[in-house]
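Comments concern the structure below.
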Amino acid sequence: MTKKLIAFDLDGTLAPSKSALPERMGEVLNRLLNNFMVCVISGGKFEQFQKQVLSSNKLKDAKLENLHLMPTCGTRYYVSKNKKWEVVYEENFTPRQKQKIITALNKGLDSLNLREKKVYGELIEDRLSQITLSVLGQDIVDVLGEKGIQIKEAWDPDNLKKEKLREFVAPLIPEFEVKVGGLTSIDVTKPGIDKAYGMKKLMDGLNLVKEDILFVGDRLSPGGNDYPVKEFGIDSIEINHWQETALVVETILAVI
Ligand SMILES: [Mg+2]
């Protein structure tokens, strides 16, 4: 195994959507951190990493200095120093940019009649370097659990509503990139921000080349949010659910 760093997507790869790291995954990640640098990269914000990853009991005694966290696709980068998480860099929107984006997203919801009556938590979340609209609210899975995931999956299975919304909003804010995010979400970022962007930033920061990295994700087909990493030329493994990720990690640990 010549890789130096193993990078993972979060939702659907290390844990079920917006859920905590399963115990088995915490265990294997702990072991992986003894031998490799590990990166977790996701469109979610840092607080989501705290909730889903850092809260794991299995990581309490882990070598966290080997863990590199890249929320919002690497527009923020965190490392652990003396047991505290520190920001290496952050690339945030200005207040004026945020306001313009939020106005455009609201206009899209109302003009296309996509505003839902029953929502859970905030609709538009300020992730500092990314603004995310979640049509059913950010907290639906926290509040409803498994049922929340089912409602999300049923809202727009063919992506037509999200695509319509994206097409409406994009010309209102042409200086930004408007993307379909998860099952019910639209993400707005500066142009060119995706997981490949995050990987490039990480390589610069750690003096790595593409060949040093192995990436594991659940959306590596064209159009998927992990695909840019593969397209960029980093060796990538596509898994279907977190149990397969655990197997991949166990296999890596077995051959070192
Ligand atoms: Mg995923």
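Within the stretch 63-76, is there a residue that is in a strand (DSSP E or B) and either modelled with pLDDT under 95 or over 30 Å from residue 184 (Cα atoms) (or both)?
Restricting attention to the stretch 63-76, the residues satisfying the condition of being in a strand (DSSP E or B) are 67-70, 76.
Still in the list and also either modelled with pLDDT under 95 or over 30 Å from residue 184 (Cα atoms) (or both): 76.
Within the stretch 63-76, one or more residues are in a strand (DSSP E or B) and either modelled with pLDDT under 95 or over 30 Å from residue 184 (Cα atoms) (or both).
One line per residue, one yes/no per condition, for (1) basic (Lys, Arg); (2) more than 13 Å from the ligand (Cβ to nearest atom):
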site	(1), (2)
169	no, yes
185	no, no
211	no, yes
230	yes, yes
250	no, yes
253	no, yes
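Report, by residue number, each residue of the stretch 52-82 that is among the basic types (Lys, Arg), more than 17 Å from residue 34 (Cβ to Cβ) and surrounded by fewer than 17 Cβ atoms within 10 Å (Cβ to Cβ).
81
Determine which member of the set 190, 200, 210 is under 19 Å from the mean Cα position of the chain (by Cα), among the charged types (D, E, K, R), surrounded by fewer than 20 Cβ atoms within 10 Å (Cβ to Cβ) and over 17 Å from residue 93 (Cβ atoms). Before you say what the answer is, go through the steps one by one.
Numbers: 190 fails: over 17 Å from residue 93 (Cβ atoms); 210 fails: under 19 Å from the mean Cα position of the chain (by Cα).
From the options 190, 200, 210, the qualifying one is 200.
For residue 24, which of the numbered conditions (1) within 16 Å of residue 243 (Cβ to Cβ); (2) within 15 Å of the ligand (Cβ to nearest atom); (3) open to solvent by 20 Å² or more (accessible area, probe 1.4 Å) fails to hold?
(2)
Quickly run through the stretch 125-149 and pick out the residues that are more than 19 Å from residue 20 (Cβ to Cβ) and open to solvent by 30 Å² or more (accessible area, probe 1.4 Å).
Of everything in the stretch 125-149, those that are more than 19 Å from residue 20 (Cβ to Cβ) and open to solvent by 30 Å² or more (accessible area, probe 1.4 Å) turn out to be 126, 128.
Inside the stretch 1-15, can you point out the residues that are more than 10 Å from the ligand (Cβ to nearest atom) and not in a strand (DSSP E or B)?
1, 2, 3, 4
The values are calculated or read from the model by the stated rules, or taken from the named source; none is laboratory data. For clarity, every value in this text was computed on a predicted model and none was experimentally measured. Here the Cβ is made from the backbone with ideal geometry for all residues, glycine too, and neighbour counts use every protein chain on show. Each accessible area value is taken on the protein alone, full model and side chains, heavy atoms only, with ligands, DNA and RNA left out. Shrake-Rupley method; radii C 1.70, N 1.55, O 1.52, S 1.80 Å.
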